[in-house]
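One structure is given below, encoded as structure tokens.
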Amino acid sequence: MKQTYELNREFRQLLGGNTEAFRNIYLLTVSDVYFHVKQIIHNEDEAQRMVVKIYKSMFIRLDQLTTAEESVKWMNKIMYTHLADWVSIHCSGMLMDEEMGRFDQLSAVVNTGHSMMLTDAETAILASRYFEHLLPIHALAGLAYFYDGLDLSLICDLFHCDDSVVNKRTRYILLLIDGYCKEYANENDIEIPTIDISLILLAYVLLFKDTVVPNPDDIYYRIVQELQ
């Protein structure tokens, strides 16, 4: 989630006592929040319930926000805390597999194609197709590290783990997506750049642009109902 002038303006209004500004904040940010949630929770009904829960928490915890300039950091913390809690509850088996070292090793794939070279943008589009294969524990780390660019120390605090775990998860993402893309390239006799941090970020940006929030007014109505 990114800090913008419009978002700061609405948060100043909200902090000043204008509760109607909360709806404007929702409209400015719901696509981003929904995008994050859907990368982790693929079931539509459950994803929408999570969006409602996140915004309800934001409204209830408004007293913890002191300035509009801190709003995105504050929103990210609430959003990632809820998502991390969901992962800890629903993905305990994956977390156990991670502790057992299941995700420590991943064979590298060599790109053998030669006839045509994809551009970085074309490769990012290709990479974005495979994000759905990320497990929730990796998708969560990818969003925080690659897309939002959160500090490593903050990610560790939010996910209750040390930096070695985060580093393993982000390395696994790079190797996994790189492997999928190179397998596709080999099957189609093409060359692609190596998947790196910048290409992962671009792939996330492309995915976000394609995100459409279903019935945002209905979701907001559910938030209001939850707060009453």
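The values are calculated or read from the model by the stated rules, or taken from the named source; none is laboratory data. All of these numbers come straight from a predicted model, not from anything done at the bench. Reconstructed Cβ throughout: ideal geometry from the backbone, glycine too, with neighbour counts over all protein chains shown. Keep in mind that these areas ignore ligands, DNA and RNA; they rest on the heavy atoms of the full protein, side chains included. Shrake-Rupley method; radii C 1.70, N 1.55, O 1.52, S 1.80 Å.
At most 15 other C-beta atoms within 10 Å and a DSSP loop state: those are the exposed trypsin sites (Lys or Arg not before Pro) I care about. Give me the longest piece of the chain that has none. Intermediate results must be reported in sequence, preceding the final value.
Details: sites that count: K2, R61, R102, R129.
The segment 130-228 is the longest one with no such site.
Considering every alpha-carbon pair of region 1-67, the percent of pairs per 5 Å bin, from zero through the bin containing the longest distance, is 3, 16, 26, 24, 16, 9, 4, 0. Cα centroids of region 9-71 and region 189-218: 22 Å apart.
Of all lysines in the structure, those lying under 27 Å Cα to Cα from K2, and not within fewer than 8 positions of it along the same chain, are K38, K53, K56, K73, K77, K168, K209. Using the 1.4 Å probe convention, the accessible area of the chain works out to 52 Å² per residue with neighbouring protein chains retained. Helical content of the chain, expressed as a calculated mean residue ellipticity at 222 nm, amounts to -21000 deg cm²/dmol (DSSP H runs of 4 or more residues, -39,500 (n - 2.57) each, divided by residue number, nearest 500).
By the Stokes-Einstein formula, at 1.567 mPa s and 4 °C, the chain with its Kirkwood radius over alpha-carbon pairs has D equal to 69 µm²/s.
Over all Cα atoms in region 129-178, the spread is summed up by Rg and Dmax: 10.2, 30 Å.
Charge dipole of the chain (Cα centre as origin; +1 on each Lys and Arg Cβ, -1 on each Asp and Glu Cβ, all else neutral): 560 debye, rounded to the nearest 20. When the Cα positions of I190, L134, T19 are compared along the charge dipole of the chain, T19 comes out farthest toward the positive end, with charges on each C-beta of Lys, Arg, Asp and Glu. With all protein chains in place and a 1.4 Å probe, the accessible surface of region 1-157 carries 51 percent carbon and sulfur. Taking each residue as 0.36 nm, the span from A108 to S88 lengthens on full extension beyond its C-alpha to C-alpha distance by 4.3 nm. Each 5 Å bin from 0 upward holds the following percent of the Cα-Cα pairs of region 1-40: 6, 25, 28, 20, 12, 7, 2. Using only Cα atoms, find the angle between the long axis of helix 197-209 and the longest principal axis of the chain, and express it within 0 to 90 degrees, rounded to the nearest 10. Value to nearest ten degrees: 50.
For region 1-133, the fraction of alpha-carbon pairs lying more than 27 Å apart is 41 percent, rounded to a whole number. Database remark: amide H of M117 closer than 5 angstrom to the amide H of E191 (H placed geometrically; neighbours at sequence offset of 5 or more, or on other chains; Pro and chain starts carry no H). With both labels modelled 7 Å from their Cα along Cα-to-Cβ, the L227 to L95 distance reads 3.0 nm. Each label was represented as a point 7 Å from its Cα along the Cα-to-Cβ direction; for E46 and N8 these points are 3.9 nm apart.
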